[in-house]
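One structure is given below, encoded as structure tokens.
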Amino acid sequence: MSMNPSFVSQMLRLTAGRLGTLLSRRTVAALSTTSARMASHEVSQQADMSLPMYWDRRDIPLPDRPYNDTLTAAEESLKQKEKGPWNNLSKEEKIALYRIMFKETYAEMKKPSNEWKTVLGGIFFFVGLTGLVVLWQRIYVYPHPPHTFDEEWEAKQVKRMLDMRVNPVQGFSAKWDYEKGQWK
């Protein structure tokens, strides 16, 4: 299958023209949004994802970086005091040093949360809402059951089938004792 060379060149020109138009539109849009951001001073700071992150996890108890990176003057002096003998540190100072490195203790991480109550409440809410929808459909959407579902009608139907001796060999009428007037 060969293509006409003039057709191919025409299609390439159209594609290049459309590409140029698209690029120019994107450039104008990018410049306008950049200038709008600069004019309104809405510059958001993004986290550097190449640096290690702090995570409180039970399976990895020692995170890659400390919880508190920026230290106050009191915390700096406490860090200097940490380099000396630990017998000179009080209990509160040891706790403060721990809180510089870690957000939660291991026991705090293991403490169960009350999230299960929210989940269970949500499940019950949606089950109840579904029940209301089904009730509404039974009352207003679905028609009433036919009269053939009534017990009185079914009894009349059984009597009629027995009188007609429906399927007398192995079926319905075979299980009825006609002499005694009861089921076998």
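The values are calculated or read from the model by the stated rules, or taken from the named source; none is laboratory data. Predicted, not measured: the structure shown is a model, and the values here were computed from it. Glycine also receives a Cβ, built like all others from the backbone with ideal geometry; neighbour counts cover every protein chain displayed. Just the protein is used for accessible areas: all its heavy atoms, side chains included, with ligands, DNA and RNA removed. Shrake-Rupley method; radii C 1.70, N 1.55, O 1.52, S 1.80 Å.
Filtered by the rule that a residue be open to solvent by 100 Å² or more (accessible area, probe 1.4 Å) and touching a residue at least 40 places away in the same chain (Cβ under 8 Å), the stretch 97-125 gives LYS103, TYR106, LYS110. Residues in the stretch 78-96 include at least one that is of a type in the set (Ser, Thr, Tyr), open to solvent by less than 80 Å² (accessible area, probe 1.4 Å) and in a loop (DSSP other than H, G, I, E, B). Applying the criterion of being among the aliphatic types (A, V, I, L, M) and more than 22 Å from THR148 (Cβ to Cβ) to the residues of the stretch 163-184, the residue that is surrounded by the most Cβ atoms within 10 Å (Cβ to Cβ) is ALA174.
For the subset of the stretch 97-133 comprising residues that are among the basic types (Lys, Arg) and either outside any loop (DSSP other than H, G, I, E, B) or touching a strand residue (DSSP E or B) at 6+ places or on another chain (Cβ under 9 Å) (or both), which member is modelled with the lowest pLDDT?
Keep residues of the stretch 97-133 that are among the basic types (Lys, Arg), which gives 99, 103, 110-111, 117.
Remaining after also requiring either outside any loop (DSSP other than H, G, I, E, B) or touching a strand residue (DSSP E or B) at 6+ places or on another chain (Cβ under 9 Å) (or both): 99, 110, 117.
On the way: ARG99: 91, LYS110: 87, LYS117: 96.
Residue satisfying both the conditions and the ranking: LYS110.
Return the residue satisfying two criteria in turn: it lies in the stretch 151-162 and is of a type in the set (D, E, K, R) and surrounded by 10 or more Cβ atoms within 10 Å (Cβ to Cβ), and of such residues it is farthest from TYR178 (Cα to Cα). I'd like the intermediate steps shown before the answer.
Initially, the stretch 151-162 is screened for residues of a type in the set (D, E, K, R), giving 151-152, 154, 156, 159-160.
Going one step further and asking which of them are surrounded by 10 or more Cβ atoms within 10 Å (Cβ to Cβ), we end up with 154, 156, 159-160.
Details: GLU154: 19, LYS156: 17, LYS159: 12, ARG160: 13 Å.
Applying the filter and picking the extreme gives GLU154.
From the set of residues in the stretch 130-140 that are open to solvent by less than 80 Å² (accessible area, probe 1.4 Å) and aliphatic (A, V, I, L, M), which is nearest to the chain's Cα centre (by Cα)? Here the answer is VAL133.
From the list ASN68, ASN87, the lone residue that is at pLDDT 60 or above and under 43 Å from the mean Cα position of the chain (by Cα) is ASN68.
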